[in-house]
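Student: Quick one: this structure, given as structure tokens, is what I'll be asking you about.
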There are 2 protein chains.
Amino acid sequence: MAEHNVCVELVRERQKCTFEVQELIHLIDGGITATEERREVENVVCTDPRIKDVVPEEYLSHKERYENAIRKNCILQEILKKYTEKRTWDNFRPSNKYRISSGVVKDISPFMLHTGMFIPTLVNQSDDEQKAKWVPKAMSMEIIGTYAQTELGHGSFIRGLETTATYDPNTEEFVLNTPNLTSYKWWPGGLAHTANHCIVVAQLYSKGQHYGVHPFFVQIRDIETHVPLPGIKVGEIGPKLGFQTANNGFLGFENFRIPRRNMLMKNAQVLKDGTYIKSKNDKLTYGTMVFVRVIILFDLAFELSRAATIAVRYSAVRHQSQLKANEPELQIIDYVTQQHKLFIGVSTSHVFRVVGLWLWNTYVKVNADIGKGNMDQLPELHALACCLKAVCSRDAAARVEEFRLACGGHGFMTSSNLPIINGIVSASITYEGEFSVLMLQTARFLMKAWNGVLARKTLTPTVSYLSKFSNSDRVQWANTTAGIISGFQAAAAGKTKEAYAAIQSYLKPGTDYEDAWNSASVQLVSASEAHCRAILCEISWSEMQRLSKTVSPNLGKVLLELAELYLTYWSLEKRGDLLMYTTISTADIAKLQARYEELLALIRPNAVGIVDGFDIRDEILNSTLGAYDGRVYERLMEEAKKSPLNAEPVNESFHKYIKPLMLKAKL
Amino acid sequence: MAEHNVCVELVRERQKCTFEVQELIHLIDGGITATEERREVENVVCTDPRIKDVVPEEYLSHKERYENAIRKNCILQEILKKYTEKRTWDNFRPSNKYRISSGVVKDISPFMLHTGMFIPTLVNQSDDEQKAKWVPKAMSMEIIGTYAQTELGHGSFIRGLETTATYDPNTEEFVLNTPNLTSYKWWPGGLAHTANHCIVVAQLYSKGQHYGVHPFFVQIRDIETHVPLPGIKVGEIGPKLGFQTANNGFLGFENFRIPRRNMLMKNAQVLKDGTYIKSKNDKLTYGTMVFVRVIILFDLAFELSRAATIAVRYSAVRHQSQLKANEPELQIIDYVTQQHKLFIGVSTSHVFRVVGLWLWNTYVKVNADIGKGNMDQLPELHALACCLKAVCSRDAAARVEEFRLACGGHGFMTSSNLPIINGIVSASITYEGEFSVLMLQTARFLMKAWNGVLARKTLTPTVSYLSKFSNSDRVQWANTTAGIISGFQAAAAGKTKEAYAAIQSYLKPGTDYEDAWNSASVQLVSASEAHCRAILCEISWSEMQRLSKTVSPNLGKVLLELAELYLTYWSLEKRGDLLMYTTISTADIAKLQARYEELLALIRPNAVGIVDGFDIRDEILNSTLGAYDGRVYERLMEEAKKSPLNAEPVNESFHKYIKPLMLKAKL
């Protein structure tokens, strides 16, 4: 990039950096080749003039925004084709190689669920014949699909879905119906006006028997004309806090018929005569859910890295207030309160990425075992994916919000891109499993594990610490990273034990277990969170330590500082837990606080270098505040000038409404 | 309201309610007459058919939204005229009587700063002659104004503003200039295309001397044509996370001349020959700032009450999941984790209202003293208003976000109104004083107070607890409301002491005080927050207790439950502090947790009644999820059907982009 246009503050920051930014970039990408491949794709996409907005998206009407998004995303799909063709679902690896769509096209693509849910479900839940028929068409976008599960009246409770699929052996078809208003499919991205196919999750009935929810492959629009097929009611659900261009839709069926073989039959099946063949294992479908939650962790790490780049660069460019009279105004990044807002977010992006990779590797291993018929580790993986998705999505939203606030008023502007990132990240707290629902799933696993502790059984790896800290004594505190990790495990064990005891105490008067569970659920969620924090601390520290040994000493030092900052920040945040479950003293906490402030100072000179290490092109960052050259004020004014309201000096509403109001005042 | 249309869940909830909702309504309004007056105005406004949207605002383009907002707000101003005419600024009292604008017209009015800042500044900072000339015109809307202080490059640091006003004694005029890009005024609501006047805060120069920032009354557009006057560059700054219809603008001056008497001269003055007469007291302008921050507290309480009404009613209507197999799906409000999300927010709205009223009364008293020349209490009032504005805006945003999340996916829909409320509340964290800046102002007051403690001086009322808890022993814990309040004060005292010590420790190696202050600033903010929490707990408890004695026992009981919930929730949240600064034991914390769960259960049956007590009309609530009748799903579908995208079965972008993409795939 041409350095001569870069503002003096960022030039100076980059000169100060003590490590090689390129090395960090390669580390994050997973090697030099990966960086080169990613950059090649990004360069092709970002330099294509067709993909640029004529008028910035945020000035358009809701309808125009959708049309603009379709235009840009179709061009993007076309460009990406030669790269995605090399990809199959067997060689899929999470990386940020294809993480360009939400950047370049600004908001969420109407095709997001086509690639994110439609194809993975076809791959995972179709039998071989179905896969051969559908997957290539979906991969090439000859058909465009989405995943329709959630209904107006049902989200997290899948068993409660109301859409029915009733088998008719005479015609060898399923008849789909939407019995009530609340049974309309509601939310699927791309469903409204984009997809011509979808996976529909519906209650299966055959021979008068009810067999629970199953997935069906359903064509909803004519391939040639795109007109909804007879018996299909489809449309969009309206504007939202974010995801404005996702084209979320509703869908209703009126005696809509599909062939028998459109039920996805890898697991359960319905034979021609209507005989139902049960799936060998109910838990097989957990796979896709876990997969999606792993991917969410990477998405969160990426969105955090975008927000971090914007806020850190802006904080280096922005000057405000004199710390001392008669001295120049400070770069706001030099205020320690600002560092407190920024650096934990930077660190969290790294933590989510390395924990995400670790979870991915666990998933691959467990999946291989499942292939061999061994499902023993599935409950543990499921419990992990639940709490990590729940806690990390909340944490990411909090960090993005903090980044936005760190940019003051300008962070509130759409052109900063922070509001859009905020919308993307906030949504993830709810979709693919609502926070409390997921936390209570993990809590159920913890309660079973605690039964194991009481029965002196050997526990699975991620909860083995429960046995270690099962007695009531406070754990000996040590002011080291190992000590912090032990402290978090002690807190998780203590809270698990207390939640278990709370259920027992609510049970006593003869209440049902479920009611006692409900009464204790605030404590159960708290135990899940503590467990998740222990995992995040333990895994991030071990992974960052491992990585630090694979790089040059200067970069290694930075990685360890970021990892230690994460542990220290959370120790101080959760000092209430540490005080309850370890022997930590007030003096120890003061030491942690001092070390925290020291780490902020250590990270400060490298802050811009660290976010440069995320290597996010301006076109993908999409921010007036975060561009590589730091020309913040010029960009803010240039963007403002694009407003259609600024095209005319006097808006017509003056003559129509304001002037008459002023004249009446004079009377 | 016609009860026969109300869904069965809400009918049942209302039957369960143990207190008289009308009594709560009157209590919140401040008496029966106040309720009647408020309802009269609301009824006139809400039943006026002209004020309704043709197409819901959120489907419009940015420009159309502005035009629609002007249309609605001009009608609103006209309707309100006969009520506002009775109002003068001398008889102003905060109440929710006129809190209808943000409700009925959905988002922020382009006239907000006309009433919220332009008029108050004219009233407070003009001399009598100026007041007589300008205020009636502003009150009648013969002129429309805003308040232009913030610039592109400067927000919180007012002394750093760059716009200049140079006095020219030859023509007896000030010459306004915008020397740099960063000196453009940026952000004022209504500035872009709505206001024809504004208060401009600029650096005053006279006779070659610089006299710091002063306010000027400036006409920027022609009264008849609305065309910007020569030498004025004005326009809008673009879309934002919220405040979409606020018409925030930028403004630049090129040798723009205004008469000498357009400088607001209640305090400082410039004479005809250019002689500068200093203000008698620099702190006089604090008054407006404090006033605005008090008003913000009421705004936050109101927005919280809107979000609470939406989320609580929805939670009573929505069913999801079976707690026990073969039983019907529960109302989600029966999940204790949901109560945990909801009730603290409901309680917080009451707390902010009563603390706001207390702060208002303090403000009135201090203002009266200032009139008598006594400014002793101003620093304390300023310190209070700073931390309360900072902490309450953050808390309100967190609570609104929790309400939104409590509504699951549907809370993400614009039609729920939660995203708009979220935008309004989030903005308040930054405007009128950024969080950290305000917290450090309060911290400065606390450090002075601590000096007072060390010098054994008598402290002012709100910090007198610092002396009480100044020794190092942990404070004796008592598991009562009084004990909790003492605990919070002990924590605030402990943190103040530690922050003071932290500054000293950073000072030792010979550093400047300002650098030491900066290094310790994370701890200083933490001390400010602890101080603010102690105030919120103490005042809310005493006020709610007082109020509970003025009402019937059944309502009194509910008020005390809400107030105790607030104390208990925060004790558990801040148990780390209590463990550090009091003798609270693990067993005490377990008791608090049990009491917290008990309070959730006590409040549960009255939850809908309590939010009905906010008495917010459907037209002001503006929510598909929160309407009085609970017809959630019908409303969601009705709103979706209004989408212009749903007017045609196939969007033209299919033929233009999607179909060609599909065809290429086939090749």
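Student: What are the residues in region B:1-20 that are surrounded by 18 or more Cβ atoms within 10 Å (Cβ to Cβ) and within 19 Å of residue B:552 (Cβ to Cβ), if any?
Tutor: Selection gives B:17, B:19.
Student: While we're looking at this one, here's another question. So, residue A:535, is that one on the phi < 0 side of the Ramachandran plot, crowded, with 22+ Cβ neighbours inside 10 Å and not in a helix (DSSP H, G or I) or not? Before you say what the answer is, go through the steps one by one.
Tutor: Working: on the phi < 0 side of the Ramachandran plot: yes; crowded, with 22+ Cβ neighbours inside 10 Å: yes; not in a helix (DSSP H, G or I): no.
No, not satisfied.
Student: Identify all residues within region B:627-667 that are in contact with a Leu (Cβ under 9 Å, 6 or more places away or on another chain) and either more than 9 Å from every other protein chain (Cβ to nearest Cβ) or not aromatic (Phe, Trp, Tyr) (or both); write none if there are none. Reasoning before the result, please.
Tutor: Narrowing region B:627-667 to residues in contact with a Leu (Cβ under 9 Å, 6 or more places away or on another chain): B:627-630, B:632-637, B:651.
B:627, B:628, B:629, B:630, B:632, B:634, B:635, B:636, B:637, B:651, listed by residue number.
Student: At least 1 residues that are within 17 Å of residue A:144 (Cα to Cα) in each: list the strands (runs of 3 or more DSSP E) lying fully within region A:159-251 that qualify. If you could, list the steps in order and put the result at the bottom.
Tutor: Working: elements: A:164-168, A:173-177, A:197-206, A:209-219, A:232-236.
Hits in region A:159-251: A:197-206, A:209-219, A:232-236.
Student: Taking region A:502-520 as the region of interest, how many residues are assigned to a helix (DSSP H, G or I) and either more than 9 Å from chain B (Cβ to nearest Cβ) or touching a helix residue (DSSP H, G or I) at 6+ places or on another chain (Cβ under 9 Å) (or both)?
Tutor: So the first thing to find is which residues in region A:502-520 are assigned to a helix (DSSP H, G or I), and the list is A:502-507, A:513-519.
Subset that is either more than 9 Å from chain B (Cβ to nearest Cβ) or touching a helix residue (DSSP H, G or I) at 6+ places or on another chain (Cβ under 9 Å) (or both): A:502-507, A:513, A:515-519.
Result for region A:502-520: 12.
Student: Could you check region B:252-276 and list, in sequence order, the residues that are in a loop (DSSP other than H, G, I, E, B) and either on the phi < 0 side of the Ramachandran plot or open to solvent by 10 Å² or more (accessible area, probe 1.4 Å) (or both)?
Tutor: Keep residues of region B:252-276 that are in a loop (DSSP other than H, G, I, E, B), which gives B:254-255, B:264-268, B:271-275.
Passing the criteria: B:254, B:255, B:264, B:265, B:266, B:267, B:268, B:271, B:272, B:273, B:275.
Student: Identify the residue in region B:151-164 that is more than 7 Å from chain A (Cβ to nearest Cβ) and surrounded by fewer than 20 Cβ atoms within 10 Å (Cβ to Cβ) and, among all such residues, is nearest to the chain's Cα centre (by Cα).
Tutor: B:158
Student: Kindly indicate whether residue A:29 is open to solvent by less than 60 Å² (accessible area, probe 1.4 Å), charged (D, E, K, R), in contact (Cβ under 8 Å) with a residue 60 or more places away in the chain and away from chain B (no Cβ under 14 Å).
Tutor: Working: open to solvent by less than 60 Å² (accessible area, probe 1.4 Å): yes; charged (D, E, K, R): yes; in contact (Cβ under 8 Å) with a residue 60 or more places away in the chain: yes; away from chain B (no Cβ under 14 Å): yes.
So residue A:29 passes the test.
Student: Considering each of A:558, A:551 in turn, give the residue that is of a type in the set (A, V, I, L, M, F, W, C) and within 27 Å of the chain's Cα centre (by Cα).
Tutor: On the way: A:551 fails: within 27 Å of the chain's Cα centre (by Cα).
Going through A:558, A:551 in turn, the sole match is A:558.
Student: Can I ask one more? Which count do you get for residues in region B:170-189 that are within 12 Å of chain A (Cβ to nearest Cβ) and hydrophobic (A, V, I, L, M, F, W, C)?
Tutor: Selection size over region B:170-189: 3.
Student: Same structure, new question: If you take the residues of region B:243-260 that are in contact with a Pro (Cβ under 8 Å, 6 or more places away or on another chain) and facing chain A (nearest Cβ under 10 Å), which of them is farthest from residue B:199 (Cα to Cα)?
Tutor: Ranking the qualifying residues of region B:243-260, first place goes to B:247.
Student: Follow-up. Select from region A:573-597 the residues that are in contact with a helix residue (DSSP H, G or I) (Cβ under 6 Å, 6 or more places away or on another chain) and open to solvent by less than 20 Å² (accessible area, probe 1.4 Å) and list them in ascending order.
Tutor: Passing the criteria: A:576, A:577, A:578, A:579, A:580, A:582, A:584, A:589, A:592, A:596.
Student: Continuing with this model, one more query. Examine region A:337-345 for a residue that is within 12 Å of chain B (Cβ to nearest Cβ), open to solvent by 10 Å² or more (accessible area, probe 1.4 Å), in a helix (DSSP H, G or I) and basic (Lys, Arg), and state whether such a residue exists.
Tutor: Within region A:337-345 (the criterion being within 12 Å of chain B (Cβ to nearest Cβ), open to solvent by 10 Å² or more (accessible area, probe 1.4 Å), in a helix (DSSP H, G or I) and basic (Lys, Arg)), the answer is yes, since at least one residue qualifies.
Student: Next up: Residues in region B:404-413: is at least one open to solvent by 20 Å² or more (accessible area, probe 1.4 Å), assigned to a helix (DSSP H, G or I) and either touching a residue at least 24 places away in the same chain (Cβ under 8 Å) or more than 14 Å from every other protein chain (Cβ to nearest Cβ) (or both)? Steps first, answer last, please.
Tutor: Filtering region B:404-413 for residues open to solvent by 20 Å² or more (accessible area, probe 1.4 Å) gives B:409.
Filter once more, keeping what is assigned to a helix (DSSP H, G or I): B:409.
Remaining after also requiring either touching a residue at least 24 places away in the same chain (Cβ under 8 Å) or more than 14 Å from every other protein chain (Cβ to nearest Cβ) (or both): none.
There is no residue in region B:404-413 that is open to solvent by 20 Å² or more (accessible area, probe 1.4 Å), assigned to a helix (DSSP H, G or I) and either touching a residue at least 24 places away in the same chain (Cβ under 8 Å) or more than 14 Å from every other protein chain (Cβ to nearest Cβ) (or both).
Student: Follow-up question, since we're still on this one. Anything in region B:72-83 that is facing another protein chain (nearest Cβ under 7 Å) and either surrounded by fewer than 18 Cβ atoms within 10 Å (Cβ to Cβ) or part of a loop (DSSP other than H, G, I, E, B) (or both)? List them, or say none.
Tutor: Within region B:72-83, the first condition is being facing another protein chain (nearest Cβ under 7 Å), and the residues that meet it are B:74, B:77-78.
Once the filter is applied, which keeps residues that are facing another protein chain (nearest Cβ under 7 Å) and either surrounded by fewer than 18 Cβ atoms within 10 Å (Cβ to Cβ) or part of a loop (DSSP other than H, G, I, E, B) (or both), region B:72-83 yields only B:78.
Student: Further question: In the list A:241, A:330, which residue meets the criterion of being open to solvent by 20 Å² or more (accessible area, probe 1.4 Å), without any contact (Cβ under 8 Å) to a residue 24 or more places away in the chain and aliphatic (A, V, I, L, M)?
Tutor: Exactly one of A:241, A:330 is open to solvent by 20 Å² or more (accessible area, probe 1.4 Å), without any contact (Cβ under 8 Å) to a residue 24 or more places away in the chain and aliphatic (A, V, I, L, M), namely A:330.
Student: Also: Working carefully through the options B:289, B:263, find the one that is more than 13 Å from chain A (Cβ to nearest Cβ), among the hydrophobic types (A, V, I, L, M, F, W, C) and touching a strand residue (DSSP E or B) at 6+ places or on another chain (Cβ under 6 Å).
Tutor: Details: B:289 fails: touching a strand residue (DSSP E or B) at 6+ places or on another chain (Cβ under 6 Å).
From the options B:289, B:263, the qualifying one is B:263.
Student: Of (1) without any contact (Cβ under 8 Å) to a residue 40 or more places away in the chain; (2) among the acidic types (Asp, Glu); (3) crowded, with 16+ Cβ neighbours inside 10 Å, residue A:629 satisfies all except one. Which?
Tutor: Among (1) without any contact (Cβ under 8 Å) to a residue 40 or more places away in the chain; (2) among the acidic types (Asp, Glu); (3) crowded, with 16+ Cβ neighbours inside 10 Å, the lone unmet condition for residue A:629 is (1).
Student: Which of the residues that make up region A:456-481 are farther than 28 Å from residue A:366 by Cα and within 32 Å of the chain's Cα centre (by Cα)?
Tutor: A:480, A:481
Student: Same structure, new question: Would you please name the residue that is modelled with the highest pLDDT, looking only at residues in region B:358-400 that are open to solvent by 40 Å² or more (accessible area, probe 1.4 Å) and charged (D, E, K, R)?
Tutor: Step by step, filter region B:358-400, then rank; the result is B:394.
Student: Pairs only if they're at least six apart or on different chains, beta carbon under 9 angstrom, first in region A:501-512 and without any contact (Cβ under 8 Å) to a residue 60 or more places away in the chain, second in a helix (DSSP H, G or I) and open to solvent by 70 Å² or more (accessible area, probe 1.4 Å); list them, first residue then second.
Tutor: Close Cβ pairs (under 9 Å, with a partner that is in a helix (DSSP H, G or I) and open to solvent by 70 Å² or more (accessible area, probe 1.4 Å)) amount to A:503/A:513; A:507/A:513.
Student: Taking the criterion of being within 14 Å of chain B (Cβ to nearest Cβ) and among the hydrophobic types (A, V, I, L, M, F, W, C), would at least one residue in region A:442-449 satisfy it?
Tutor: Step one: list which residues in region A:442-449 are within 14 Å of chain B (Cβ to nearest Cβ), which gives A:442-444.
Imposing the further condition that a residue be among the hydrophobic types (A, V, I, L, M, F, W, C) reduces the set to A:443.
Yes: one or more hits.
Student: In region B:636-649, what residues are surrounded by fewer than 19 Cβ atoms within 10 Å (Cβ to Cβ) and assigned to a loop (DSSP other than H, G, I, E, B)?
Tutor: B:642, B:648, B:649
Student: Something else now. Every residue in region B:18-43 that is more than 22 Å from residue B:301 (Cβ to Cβ) and not in a helix (DSSP H, G or I), please.
Tutor: Selection gives B:18 alone.
Student: Any residue at all in region B:580-597 that is more than 7 Å from every other protein chain (Cβ to nearest Cβ) and among the aromatic types (Phe, Trp, Tyr)?
Tutor: Yes, region B:580-597 contains a residue that is more than 7 Å from every other protein chain (Cβ to nearest Cβ) and among the aromatic types (Phe, Trp, Tyr).
Student: I've got another one for you. State whether one or more residues within region A:553-565 are at pLDDT below 95, open to solvent by less than 40 Å² (accessible area, probe 1.4 Å) and in contact with a helix residue (DSSP H, G or I) (Cβ under 8 Å, 6 or more places away or on another chain). Please lay out each step first, then the result.
Tutor: The first filter runs over region A:553-565 and keeps only residues at pLDDT below 95, leaving none.
No.
Student: Select from region B:190-204 the residues that are touching a strand residue (DSSP E or B) at 6+ places or on another chain (Cβ under 6 Å) and within 13 Å of another protein chain (Cβ to nearest Cβ) and write down the one among them that is nearest to residue B:236 (Cα to Cα).
Tutor: Keep residues of region B:190-204 that are touching a strand residue (DSSP E or B) at 6+ places or on another chain (Cβ under 6 Å), which gives B:190-192, B:195-204.
Then keep just the ones that are within 13 Å of another protein chain (Cβ to nearest Cβ); that gives B:190-192, B:195-197.
Working: B:190: 9, B:191: 8, B:192: 4, B:195: 12, B:196: 14, B:197: 15 Å.
Looking at residues that are touching a strand residue (DSSP E or B) at 6+ places or on another chain (Cβ under 6 Å) and within 13 Å of another protein chain (Cβ to nearest Cβ), I get B:192.
The values are calculated or read from the model by the stated rules, or taken from the named source; none is laboratory data. Bear in mind the structure is a predicted one, so any value in this text is a computation, not a measurement. Methodologically, a virtual Cβ is constructed for each residue, glycine included, from the backbone with ideal geometry; neighbour enumeration extends over all protein chains shown. Surface areas here come from the heavy atoms of the whole protein model, side chains and all, with no ligands, DNA or RNA. Shrake-Rupley method; radii C 1.70, N 1.55, O 1.52, S 1.80 Å.
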